[in-house]
Amino acid sequence: MVSFPRQNSPNLSISPLSAVFQILLFFLFSMSAYAGAVVTANPFATKVGMKILRSGGNVVDAGVGIQYVLGLVEPQSSGLGGGSFAIFYHKKTDELYAIDGREKAPKRIPHNFFEQYKGSRQGFFKLVTNPASVGVPGTPLLLEEMHARFGQLDWSELHHDAISLAAKGFPISSRLNVLVTRDKFLKKNVNAKKYFFSELNDNLIPKNVGIILNNPSYSDVLTQFRDQGISTTFYKGKIMSNILSDLKKTAGTNFLHPDDFEGYSITYRKPLCGAYRNFRVCSMGPPSSGATTILQILGILENYELAKLETNSPELIHLISEATYLSFLDRNSYLGDPDFVNIPITQMLDKNYLKQRARLISPLKKIENASPGKFKNVLQTSYYTDHSMDSTTHFVITDKWGNALSMTSSVESAFGSR
């Protein structure tokens with residue numbers, strides 16, 4: 001027998017069957033209150049995302065609010081001046097969409113312009129802080145168009161919390177403080193210097209953790225997005241003009257023009273999928289390197305009995321590290337923008353090829369001096385060394401209807417072009 005306390009009848013007993021029925025009712029009620037799940041890099045963004053889901057929004061609605069907040073509270077990683085990749089699963093139609101909203105280079109930039117900067121960390125940062133490195137941002141238009149096609153709530157309902165947070169301010173996180181402290185270029189920009197630093201005895205000191213950072217300009221931009229739309233304000237209007245004007249004031253070469261903004265569009269690409277044991281794994285294909293790299297790593301590891309290894313054991317970590325190393329050799333030599341580069345994806349993900357790569361891994365020592373794979377009818381480019389810093393964010397959302405959104409946003413190097 002199971003007893004449940006009850007008002008006016010404290011000793012009333014009920015049958016086990018009735019108790020089970022009441023428990024089922026409890027869980028059904030709990031499930032009906034389920035709004036979804038949100039994972040982001042910042043609690044302010046997570047809170048806004050959950051609020052939108054609880055108010056009846058879907059994952060796309062929540063993604064808009066989340067990205068607005070992330071661009072405010074972690075400007076080193078993403079923002080309205082950057083680009084995004086989104087993988088959206090639409091439960092109702094059982095469709096998977098890969099949406100490319102990355103930045104696009106100016107039409108007038110010479111194809112070999114970046115060659116003069118290659119080969120050193122110094123050259124990398126000389127280019128990053130040059131207006132020539134700035135492309136047309138894609139994140140704003142991706143948010144607007146993704147919402148127009150898949151969103152559920154009214155566009156105006158997705159802006160209030162981010163607008164309010166920017167106006168009232170948010171406390172500087174320890175991560176933001178560390179990245180501002182170690183950055184050598186933010187001080188060179190008048191607005192960035194005023195925003196991130198305080199003056200003490202004629203010295204510039206990064207604002208401390210916990211200090212409230214207000215950004216009324218960001219609030220104003222989001223208000224324009226809400227009231228006038230992104231296409232008309234960011235890609236044709238005043239904001240576009242301000243970006244171009246700022247670039248002209250910066251030392252270096254600027255290739256961006258109004259027609260670059262006006263001609264920008266997001267691209268729907270086919271998701272790149274592959275098999276790993278009994279699983280189907282899908283992600284963003286080129287120009288993102290994510291899906292190709294992950295599927296190569298998994299394809300190499302598929303040749304080992306990982307289930308026999310303990311979690312976090314040295315043996316397992318060694319295998320994953322070596323598989324990742326081999327994958328990145330190919331990534332840095334063959335991957336690029338498919339609009340301009342012939343990428344041998346089918347050959348790179350071939351099971352026999354990955355089995356051959358797996359044989360290069362020794363269980364006892366690190367691989368030394370391995371080379372990228374060789375593929376038919378494809379020229380290997382010179383190996384690329386990455387000098388970038390922490391500058392990307394990622395968030396995942398599910399909703400009560402079974403939809404899911406996985407989105408990666410970036411400004412390339414920490415704080416972008418500063």
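So the values come out like this:
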read-out: Sole residue being polar (S, T, N, Q), assigned to a helix (DSSP H, G or I), over 30 Å from LEU96 (Cβ atoms) and open to solvent by 30 Å² or more (accessible area, probe 1.4 Å), chosen from THR223, THR233; value: THR223
read-out: Hits in segment 38-51 (condition: of a type in the set (A, V, I, L, M, F, W, C) and open to solvent by 10 Å² or more (accessible area, probe 1.4 Å)); value: VAL38, VAL39, ALA41, PHE44, VAL48, MET50
read-out: Total residues in segment 60-105, condition part of a loop (DSSP other than H, G, I, E, B), of a type in the set (D, E, K, R) and touching a helix residue (DSSP H, G or I) at 6+ places or on another chain (Cβ under 8 Å); value: 1
read-out: Residues being open to solvent by less than 80 Å² (accessible area, probe 1.4 Å) and in a helix (DSSP H, G or I) - total across segment 188-198; value: 4
read-out: Any hit, segment 91-105, residues being open to solvent by less than 10 Å² (accessible area, probe 1.4 Å) and either of a type in the set (Gly, Ala, Ser) or within 20 Å of GLU262 (Cβ to Cβ) (or both); value: yes
read-out: Residue that is open to solvent by 20 Å² or more (accessible area, probe 1.4 Å), in contact with a helix residue (DSSP H, G or I) (Cβ under 9 Å, 6 or more places away or on another chain) and not polar (S, T, N, Q), where the choices are LEU349, LEU405; value: LEU349
read-out: Boolean, LYS118 is among the charged types (D, E, K, R), open to solvent by 10 Å² or more (accessible area, probe 1.4 Å) and over 27 Å from ASN177 (Cα atoms); value: yes
read-out: Which numbered condition PRO106 fails, given (1) closer than 21 Å to VAL411 by Cα; (2) at pLDDT below 95; value: (2)
read-out: All helices (runs of 4 or more DSSP H) inside segment 134-187 with 1 or more residues being of a type in the set (A, V, I, L, M, F, W, C) and free of Cβ contacts under 8 Å to residues at least 24 places away in the same chain; value: 139-150, 174-182
read-out: Lone unmet requirement of (1) more than 21 Å from the chain's Cα centre (by Cα); (2) exposed (fewer than 13 other Cβ atoms within 10 Å of the Cβ); (3) within 19 Å of GLY71 (Cα to Cα) for ASN208; value: (3)
read-out: Enumeration of residues in segment 256-289 that are open to solvent by 30 Å² or more (accessible area, probe 1.4 Å) and assigned to a helix (DSSP H, G or I); value: PRO258, ASP259, GLU262
read-out: Near pairs, Cβ below 6 angstrom, 6+ apart or cross-chain, from segment 390-418 (farther than 21 Å from GLY135 by Cα) to any residue that is among the basic types (Lys, Arg) and surrounded by fewer than 24 Cβ atoms within 10 Å (Cβ to Cβ); value: TRP401/LYS91; GLY402/LYS91; ASN403/LYS91
read-out: Tally of residues being closer than 27 Å to TYR264 by Cα and assigned to a helix (DSSP H, G or I) across segment 117-133; value: 9
read-out: Top-ranked residue of segment 149-187 - restricted to ones that are among the basic types (Lys, Arg) and under 24 Å from PRO43 (Cα atoms), ranked as surrounded by the most Cβ atoms within 10 Å (Cβ to Cβ); value: ARG175
read-out: Pairs, first of a type in the set (Val, Ile, Thr) in segment 366-384, second at pLDDT 90 or above, C-beta under 7 Å, six or more apart; value: ILE367/GLU322; ILE367/TYR325; ILE367/LEU360; ILE367/ILE361; VAL378/TYR334; VAL378/ASN342; VAL378/PRO344; THR381/SER333
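The values are calculated or read from the model by the stated rules, or taken from the named source; none is laboratory data. Small disclaimer: the values here were computed from a predicted structure and weren't measured. Ideal geometry is used to build each Cβ from the backbone, glycine not excepted, and the neighbour counts take in all protein chains shown. Just so you know, the surface numbers come from the protein's heavy atoms only, side chains and all, with ligands and any DNA or RNA stripped out. Shrake-Rupley method; radii C 1.70, N 1.55, O 1.52, S 1.80 Å.
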